[in-house]
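Single-structure report; data block below.
The values are calculated or read from the model by the stated rules, or taken from the named source; none is laboratory data. These numbers come from a predicted model, not from an experiment. Reconstructed Cβ throughout: ideal geometry from the backbone, glycine too, with neighbour counts over all protein chains shown. In case anyone asks, the SASA skips ligands and DNA or RNA and just uses the protein heavy atoms, side chains included. Shrake-Rupley method; radii C 1.70, N 1.55, O 1.52, S 1.80 Å.
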Amino acid sequence: MAQIWAGTDIGKTHHHCVVLDAEGRRLLSRRVLNDEPELMALLADVLAIDEDAVWAVDVADGMAALWINILLNQGQQLVYIPGLAVNRASAGYRGTGKTDAKDATVIADQARMRRDLTALRPDDEHAIELRVLTGRRADITADRTRRVNRLRGQLTSIFPALERVLDLGNMGPLILLTGFQTPAALRRTGRRRLETWLRNRKVRGAETLAEAALEAADRQHTALPGETIIAQVIHTLAKEVMVLNEQLAEIDKLIAARFREHGLAEVIESMPGIGPLLGAEFLAATAGDMNRYGSADRLASLAGVAPVPRDSGNINGNLHRPRRYHRGLQRVFYTSALISIRNCDASRRFYERKCAEGKRHVQAVLALARRRVNVLWALIRDGRCYQGELPVAMAA
């Protein structure tokens, strides 16, 4: 049993640490610079009070990385309490104000009273690298989505007929928009020259794309105000989306290569519906260490695919998705379940059975995702690959 609890409210440039004893009395309160010498001095001062300490933080990465690794490298026991939980718990403490010292006190006190907090452990290089790469990919994807939406909005404002027929998820329409943005420009070019222009830029289906673009141009003969400058913006946005597509392709190769170097890659990828990208996201979230979670049930709860009851009075069996869950893990299991319905007979039969029981599509997919957590857990535990001939109750 720990003798003291040290809670740290994490900040970008400074952290605030508060140490409590078993009775909840404050033994130390200090604001420290997010710098190794000051953090090491804080560690020494806290251990001078009592070496049997439990440390708690409200941020598990990013600006807390240096402090977390110092603690773990020194063999300290460290737990994580989410910032949302700290915010809600603060309402039960004296005072309505919010300060770093109060937040640190709440963090330490919650660590003192609770036994359900997640223990932080050192991650291996593979997990850290995959976390960085998948995080970078998510940023690029968000940037690309934002620019594609902006591109659609600008194109609709001057040429709605063309926006309706173009699939901006493909490279061909983007290349078209780098050269032609208005109906008049397309009509002046003509079908033959437009096809040649597209073929010279190695656009697949140049003939079909040229025909669709010219049909759209024939349906609009009105020049709209601001058309010239909007056309320039469309050209720029199309170029930017193409650059982001190239970046996505490059980082996907890096992720796939790094994922397949992991010892569990073959086991994880053998699961229907999980490829290098989803497998990398799974390892980034869990490091492949199932001992951190204790059971498949806890992993399913963390992933948000295990329903929790919200009963009250005479209302029973009111099940909902948990409010606290890892959205990255949920994406892995939910997306892979959707994919497996198309390419795995066992998963498809399980999904169809749940639909026949009256579940809606999303409920049936979540039920499948929950079952797949058990299967993946067992595969990683036993170090064996998935076998398609397993019975439905096991394989799904």
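Can you name every residue in segment 153-172 that is part of a helix (DSSP H, G or I), open to solvent by 60 Å² or more (accessible area, probe 1.4 Å) and more than 14 Å from ALA216 (Cβ to Cβ)?
MET171
Here are ILE230, ILE175: which of them is open to solvent by less than 60 Å² (accessible area, probe 1.4 Å), in contact (Cβ under 8 Å) with a residue 12 or more places away in the chain and either under 16 Å from ARG152 (Cβ atoms) or among the small types (Gly, Ala, Ser) (or both)?
After ruling out the rest, the residue left standing is ILE230.
Hey, can you tell me all the residues within segment 217-227 that are outside any helix (DSSP H, G or I), open to solvent by less than 100 Å² (accessible area, probe 1.4 Å) and not aliphatic (A, V, I, L, M)?
Result: GLN220, THR222, GLY226.
Filter segment 253-273 for residues that are open to solvent by less than 20 Å² (accessible area, probe 1.4 Å) and touching a Phe, Trp or Tyr at 6+ places or on another chain (Cβ under 7 Å); which is nearest to LEU133 (Cα to Cα)?
That would be ALA265.
Which one of these is crowded, with 19+ Cβ neighbours inside 10 Å, under 30 Å from GLY279 (Cα atoms) and aromatic (Phe, Trp, Tyr): TRP55, TRP67?
TRP67
Go through ARG327, ARG292, ARG331 for me and flag whichever is touching a residue at least 12 places away in the same chain (Cβ under 8 Å), surrounded by fewer than 17 Cβ atoms within 10 Å (Cβ to Cβ) and under 25 Å from GLU261 (Cβ atoms).
ARG292
Just name the residue that is nearest to ALA119 (Cα to Cα) out of those in segment 86-96 that are free of Cβ contacts under 8 Å to residues at least 24 places away in the same chain and open to solvent by less than 60 Å² (accessible area, probe 1.4 Å).
Top of the filtered list is ALA89.
Which strands (runs of 3 or more DSSP E) does segment 16-85 wholly contain that include 3 or more residues that are over 12 Å from ALA104 (Cβ atoms) and free of Cβ contacts under 8 Å to residues at least 60 places away in the same chain?
The qualifying strands (runs of 3 or more DSSP E) are 77-80.
So which residues in segment 209-250 are hydroxyl-bearing (Ser, Thr, Tyr) and modelled with pLDDT under 95, if there are any at all?
THR222, THR228
For segment 240-255, what are the residues that are in contact (Cβ under 8 Å) with a residue 60 or more places away in the chain and not polar (S, T, N, Q)?
Passing the criteria: GLU240, VAL241, MET242, LEU244, LEU248, ILE251, ASP252, LEU254, ILE255.
Give me a count of the residues in segment 352-371 that are over 14 Å from VAL305 (Cβ atoms) and open to solvent by less than 70 Å² (accessible area, probe 1.4 Å).
Final tally of qualifying residues: 2.
To keep it simple, each residue is scored yes or no on (1) open to solvent by 50 Å² or more (accessible area, probe 1.4 Å); (2) at pLDDT below 95.
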residue: ARG115; (1), (2): yes, yes
residue: PRO122; (1), (2): yes, yes
residue: HIS126; (1), (2): no, yes
residue: GLU129; (1), (2): yes, yes
residue: VAL132; (1), (2): yes, yes
residue: ILE140; (1), (2): no, no
residue: ASP143; (1), (2): no, no
residue: ARG146; (1), (2): yes, no
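Taking segment 186-198 as the region of interest, how many residues are among the aliphatic types (A, V, I, L, M) and open to solvent by 20 Å² or more (accessible area, probe 1.4 Å)?
0
Scan GLU240, GLU250, GLU281, GLU246 and give me the residue that is more than 21 Å from ARG201 (Cα to Cα) and either of a type in the set (Lys, Arg) or open to solvent by 30 Å² or more (accessible area, probe 1.4 Å) (or both).
Of the residues listed, the single one that is more than 21 Å from ARG201 (Cα to Cα) and either of a type in the set (Lys, Arg) or open to solvent by 30 Å² or more (accessible area, probe 1.4 Å) (or both) is GLU281.
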